[in-house]
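Quick notes on the structure that follows.
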Amino acid sequence: MGGEEARVRVTLLAPEEESEVAEAAKEVLEMLLDKMGMAASVTPGAQPKVEGETEAAPAIAFDINGDDLGILIGRRGQTLSCLQYMVRLIIAHQRKVWLPIFIDVGGYKQRRHQTLQALALRVAEQVKAKEVPFTLEPMPAYERRIIHITLANHPDVTTQSIGEGEMRKVVILPQEK
């Protein structure tokens, strides 16, 4: 990235350390929900898998369940992303470790993953048939990544991201022959 070389030291967490971090993250999440006045339960969850993705790094995942939790999701999942980011920051500060933490509310992220994968495949078929590029709506990085990974091995199309910031979007292009 810059002009200087850097040395990075990586150490794996022991399983007991990871479980301690997970417990701390659950406590932080429950405290934040309580401060928000949300009556919800936090349970261990599973990180959504993207078809075609190679093995993912170990992560801590939680599901939040309860009534009327739409406010936690927010418009296009923005509130949920911010909540997830805050929990990551608090844990990183407290534990001096950065682990991926995934938070889902009522299965929202899982449904969104499936919707994006279906959209990618449907648009890829249209691009293949018409041989004309198609630009998707602007979306956050993790959603663009789902599109890219879903179509990575597609024989007839390729993908690229264009734009900047919040206006960044995926273009699905016919594969050059």
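Quick check: is even one residue across segment 91-106 surrounded by 13 or more Cβ atoms within 10 Å (Cβ to Cβ), of a type in the set (G, A, S) and either under 30 Å from D34 (Cβ atoms) or in contact with a Cys (Cβ under 9 Å, 6 or more places away or on another chain) (or both)? Yes, the conditions are met somewhere in segment 91-106.
Quick check, is T54 at pLDDT below 90, under 30 Å from L121 (Cα atoms) and either in a helix (DSSP H, G or I) or not small (G, A, S) (or both)? Considered against the rule, which asks whether it is at pLDDT below 90, under 30 Å from L121 (Cα atoms) and either in a helix (DSSP H, G or I) or not small (G, A, S) (or both), T54 comes out as yes.
If we keep just the residues of segment 143-167 that are in contact with a Ser or Thr (Cβ under 8 Å, 6 or more places away or on another chain) and in a helix (DSSP H, G or I), which is surrounded by the most Cβ atoms within 10 Å (Cβ to Cβ)? Of everything passing the filter in segment 143-167, I147 is surrounded by the most Cβ atoms within 10 Å (Cβ to Cβ).
The values are calculated or read from the model by the stated rules, or taken from the named source; none is laboratory data. All of these numbers come straight from a predicted model, not from anything done at the bench. Glycine also receives a Cβ, built like all others from the backbone with ideal geometry; neighbour counts cover every protein chain displayed.
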